[in-house]
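Here's the structure, in structure tokens; my notes come after.
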Amino acid sequence: MKKILLSFCFIVGVKQLIAQQRPYFTQYILNNFLVNPAVAGIDNYTDIKMSHRLQWVGLQDAPVTTYFTVNAPLHKRDYDVDRDNPTTVHPRGVNPMLGLDDYQPPDPHSGIGFTVLNDKTGPLNRFAAYGTYAYHMNISSKTNLSLGISAGINQMSLDASKLNFGNNSNTDPSVATSKSSTLDKINPDVSAGLWIYSRDYFIGLAAQQIIADKLYFSDYSNQSPLIETKGKLVPHIYAQAGYKMRLNEELSLLPSVMVRYVNPLPISFDINAKLQYQESMWVGASYRHKDGFAAMLGVNLNYSINLGYSYDLTTSALNTVSKGTHEIVVGFLLGNKYDDYSPRNAW
């Protein structure tokens with residue numbers, strides 16, 4: 001019965017596709033580039049992130065999402081070697097954030113990036129690949145503004161052999177005219193964003209899937225015009241903001257919020273908090289409106305490698321069949337000349 005119900009939901013999703021079409025991530029606060037292309041090249045090294053997410057463990061054919069991102073400035077900037085780096089790990093008892101009093105925003109520069117993502121849910125699979133360009137400029141002595149754009153492809157695949165219609169011998173019109181068990185649809189994928197950042201805060205606005213293209217898996221030339229089975233890719237709007245708070249000489253708190261809008265769904269939001277110790281380890285918590293809670297923890301092993309893990313517990317009806325969601329993020333900082341254990345400008 002579960003398989004039949006899930007199959008029905010998947011086919012409805014293919015027909016309508018008016019709900020959330022992008023995968024959820026819990027630890028996007030470790031990789032805001034994943035949400036906003038304007039973040040590309042924000043720090044003075046090549047930032048590589050890899051993640052694997054198992055959503056709703058225990059539920060058959062639940063979403064599994066994997067991504068790889070890389071972003072870097074086009075040209076490395078030369079900092080004053082005599083100036084203390086505010087994010088380099090200091091001796092015990094000294095919070096690197098105290099050095100942010102001498103914070104200087106980066107000079108105007110360009111950044112580039114690349115993203116590969118695969119999101120599989122039952123018979124549906126989404127593969128996306130796109131490149132990114134961003135430009136960072138000074139708007140005050142302590143604040144920068146960056147603008148970014150991403151462009152690539154979005155491939156939606158449907159494995160019709162995995163669909164289960166129960167005892168109904170009729171096939172769904174979405175796949176009725178197909179001649180293959182695996183159906184593919186490739187659409188252009190364009191995103192854009194802006195990002196304002198300074199010593200203590202950031203504000204971001206991004207639009208993903210800007211091109212509202214049609215999405216369908218069959219030839220409709222021989223179907224009745226009364227049968228409307230075409231889906232549509234709709235834009236996703238994300239607004240973000242965060243603030244750095246110094247609690248004492250060893251602890252800093254980074255609260256942030258994300259608001260998302262996908263027409264015609266109601267506006268939803270996340271509230272996050274990240275508590276850091278000596279910039280070498282951190283714990284965090286997140287609340288997603290009307291969906292659930294998440295706990296996070298991470299460690300910066302050295303100035304080149306960092307790890308993050310999160311566990312989500314949903315408060316929706318899925319909680320009766322799901323054992324939660326696991327997500328792991330592995331990061332590599334290449335060319336980190338100044339040994340930053342945590343980003344100077346990213347969060």
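Structure data summary
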| item | result |
| --- | --- |
| Flag for SER316 being at pLDDT below 90, hydroxyl-bearing (Ser, Thr, Tyr) and more than 26 Å from ASP61 (Cβ to Cβ) | no |
| Those residues of the range 192-219 which are modelled with pLDDT of 90 or more and either farther than 30 Å from LEU253 by Cα or in a loop (DSSP other than H, G, I, E, B) (or both), in sequence order | GLN209, ILE210 |
| Residue in the range 129-136 that is over 19 Å from VAL39 (Cα atoms) and surrounded by 16 or more Cβ atoms within 10 Å (Cβ to Cβ) present | no |
| Candidate set: the range 179-191, residues that are more than 17 Å from ASN125 (Cβ to Cβ) and at pLDDT 75 or above; chosen: the one surrounded by the fewest Cβ atoms within 10 Å (Cβ to Cβ) | PRO188 |
| Selection from the range 235-268 of residues that are hydrophobic (A, V, I, L, M, F, W, C) and modelled with pLDDT of 95 or more | ILE237, ALA239, ALA241, VAL257, MET258, VAL259 |
| Which numbered condition ILE328 fails, given (1) modelled with pLDDT under 85; (2) in contact with a His (Cβ under 7 Å, 6 or more places away or on another chain) | (1) |
| Pairs where the first residue, in the range 197-215, is farther than 12 Å from GLY242 by Cβ and the second is crowded, with 17+ Cβ neighbours inside 10 Å and of a type in the set (Ser, Thr, Tyr), C-beta under 6 Å, 6+ apart | ALA206/TYR238; GLN208/SER191 |
| Top-ranked residue in the range 296-314 [being within 17 Å of the chain's Cα centre (by Cα) and surrounded by fewer than 18 Cβ atoms within 10 Å (Cβ to Cβ); ranked as farthest from ASN31 (Cα to Cα)] | TYR311 |
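Residues are listed down the side, and each one gets a yes or a no for (1) polar (S, T, N, Q); (2) touching a strand residue (DSSP E or B) at 6+ places or on another chain (Cβ under 7 Å); (3) touching a residue at least 12 places away in the same chain (Cβ under 8 Å); (4) under 15 Å from SER252 (Cα atoms):
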position: ILE267; (1), (2), (3), (4): no, yes, no, no
position: ASP270; (1), (2), (3), (4): no, yes, yes, no
position: LYS274; (1), (2), (3), (4): no, yes, yes, yes
position: ASP291; (1), (2), (3), (4): no, yes, yes, no
position: ALA295; (1), (2), (3), (4): no, yes, yes, no
position: GLY298; (1), (2), (3), (4): no, yes, yes, yes
position: ASN302; (1), (2), (3), (4): yes, no, yes, no
position: GLY308; (1), (2), (3), (4): no, yes, yes, no
position: TYR311; (1), (2), (3), (4): no, yes, yes, no
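The values are calculated or read from the model by the stated rules, or taken from the named source; none is laboratory data. All values reported here derive from a predicted model rather than from experimental measurement. Note that each Cβ is placed from the backbone with ideal geometry, even for glycine, and that neighbours are counted across all protein chains shown.
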